[in-house]
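Right, one structure below, let's go through it.
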Amino acid sequence: MLVNEQHFRTIWPNFDGDRALVQVIDQTKLPHVFEIANITNLQEMLHAIKTMQVRGAPLIGAAAAYGIALALVDSCTDAQLSHAASALIAARPTAVNLKWAVDRMLARLLPLPLQDRLHGAWAEAAAICDEDVLLNQAIAKHGLEIIRLQSENKPRTINILTHCNAGWLATVDFGTALAPIYAAHDAGIHIHVWVGETRPRNQGASLTSWELGQHGVPHTVISDNAGGHLMMQGQVDMVIVGADRVTAKGDVCNKIGTYLKALAAYHGDVAGVRIPFYAAVPSPTIDWTIEDGVPDIEIEERHADELAWMSGKLANGAIASVNILPSDTQVANPAFDVTPAKFVTGIITEQGVYAPDQLRGVLGRGAYA
Ligand code: MRU
């Protein structure tokens, strides 16, 4: 997508110097500073994933794939591969894309002779990235049709609520939940996006609003607590979110707070008319080994500092962090929740839009499973 009119992906290899490296857009600096970070080895990739310089389920899958390549620069042994794979999978446990990408890298590399592994790793990581872009473009096409249908039924601006950041920053390019939104805007459909700020890391306020602004999509940031109120007031026509893991029966695990939005949408507007709730999900995000998300998806518990400290720009332009909690306050910080399939109207995939219970029939162990 475009940043100040220049096209960027979120991650790419750089082979120009003596030693190959990977470059990423550093998401911890946005929206105030646009900065490219250089990642030169496995430890730096682990650090980038853990500190969320790169984040979003599809992007951390791509980052893990490049992490394997970086790990093999000096040693291509089975031991090195297996060390890198375990460290990367443990870096962020909830998003299944990370394990999916690492497993795919191992399946490609382990059968190769040692001398071919490094080249194979760069090639496979690049293929994972290119495929992510294609999947998201297909999601854009199918999601666009749902938005178009809404706009044909309601000849006015369509209000879409989203949560967290499932835009191009969360993927290699185009995004998942935001891909249909960009497509609708580009197709001339009048849309407006309600962007939940997404405490504690503020991915909505800092990243989604920045992305939508770069693309010229009309949007308004709201506090996380405002979504239900706006639905009740008839100011939300549909909800589209991303996902970090979806189970075989269609339970959707996504950023903490998603479940509350799904509940409110299910209850509907003041007249009780249900508001459609969609998750945009490329197939590497589906975990076919799990049926029930609530008991079986490991929810990442993140550091208390994420709630305690808020960072932003001071009036004098300096970037600073401030503490908003009394000292020694106990904090719980689950990073994701699970929305049971019954609250999900449809799952927007690269193959089409399906009710959760149709997912297995259409996509089960499909091309990208
Ligand atoms: O913790 P994050 O920011 O890596 O969380 C992932 C997300 O960005 C969201 O949950 C998103 O909606 C799904 S990723 C396309």
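The values are calculated or read from the model by the stated rules, or taken from the named source; none is laboratory data. Quantities reported herein were computed from a predicted structural model and do not represent experimental measurements. Here Cβ is always computed from backbone atoms with ideal geometry, including for glycine, and neighbour counts include all displayed protein chains. For the accessible areas, the whole protein counts, side chains as well, though only heavy atoms, and no ligand, DNA or RNA atoms are used. Shrake-Rupley method; radii C 1.70, N 1.55, O 1.52, S 1.80 Å.
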Which numbered condition V73 fails, given (1) part of a helix (DSSP H, G or I); (2) open to solvent by 20 Å² or more (accessible area, probe 1.4 Å) = (1)
Pair list, Cβ under 7 Å, 6 or more apart: segment 161-182 residue in the same structural domain as R201 (by TED's automatic domain parsing), other residue among the basic types (K, R) and more than 8 Å from the ligand (Cβ to nearest atom) | L161/K261; H163/K261; V172/R9; D173/R9
In segment 134-183, which residues are more than 17 Å from D237 (Cβ to Cβ), of a type in the set (S, T, N, Q) and touching a Gly at 6+ places or on another chain (Cβ under 8 Å)?
-> N136, N165, T171, T176
Counting only residues in segment 289-346 that are assigned to a strand (DSSP E or B) and β-branched (V, I, T), the one farthest from the ligand (Cβ to nearest atom) is identified as V322
Name every residue in segment 104-126 that is over 19 Å from V22 (Cβ atoms) and without any contact (Cβ under 8 Å) to a residue 12 or more places away in the chain, in order of residue number.
-> A107, P111, L112, P113, D116
Are any of the residues in segment 78-89 within 15 Å of R245 (Cα to Cα) and assigned to a helix (DSSP H, G or I)?
-> yes
Which condition number does G175 fail, the rest of (1) surrounded by 24 or more Cβ atoms within 10 Å (Cβ to Cβ); (2) in a helix (DSSP H, G or I); (3) of a type in the set (G, A, S); (4) within 16 Å of the ligand (Cβ to nearest atom) being met?
-> (2)
Sort out which residues of segment 274-288 are touching a helix residue (DSSP H, G or I) at 6+ places or on another chain (Cβ under 8 Å) and not in a loop (DSSP other than H, G, I, E, B), and write them in order of number.
-> F277, Y278, A280, S283, P284, T285, I286, D287
Mind listing whichever residues of segment 138-172 are in a loop (DSSP other than H, G, I, E, B) and surrounded by fewer than 23 Cβ atoms within 10 Å (Cβ to Cβ)?
-> K154, P155, R156, T157
Qualifying residue in segment 85-104 (condition: farther than 14 Å from I60 by Cα, in contact with a helix residue (DSSP H, G or I) (Cβ under 6 Å, 6 or more places away or on another chain) and modelled with pLDDT of 95 or more) | no
Output yes when any residue across segment 72-91 is closer than 22 Å to Q23 by Cα and among the acidic types (D, E), and no when none is.
-> yes
Only one of V217, V221, V239 that is open to solvent by less than 10 Å² (accessible area, probe 1.4 Å) and not in a loop (DSSP other than H, G, I, E, B) | V239
What number of residues within segment 108-150 satisfy the criterion of being charged (D, E, K, R) and within 21 Å of G61 (Cβ to Cβ)?
-> 6
Out of curiosity, is A123 away from the ligand (no atom under 16 Å from the Cβ) and open to solvent by 10 Å² or more (accessible area, probe 1.4 Å)?
-> yes
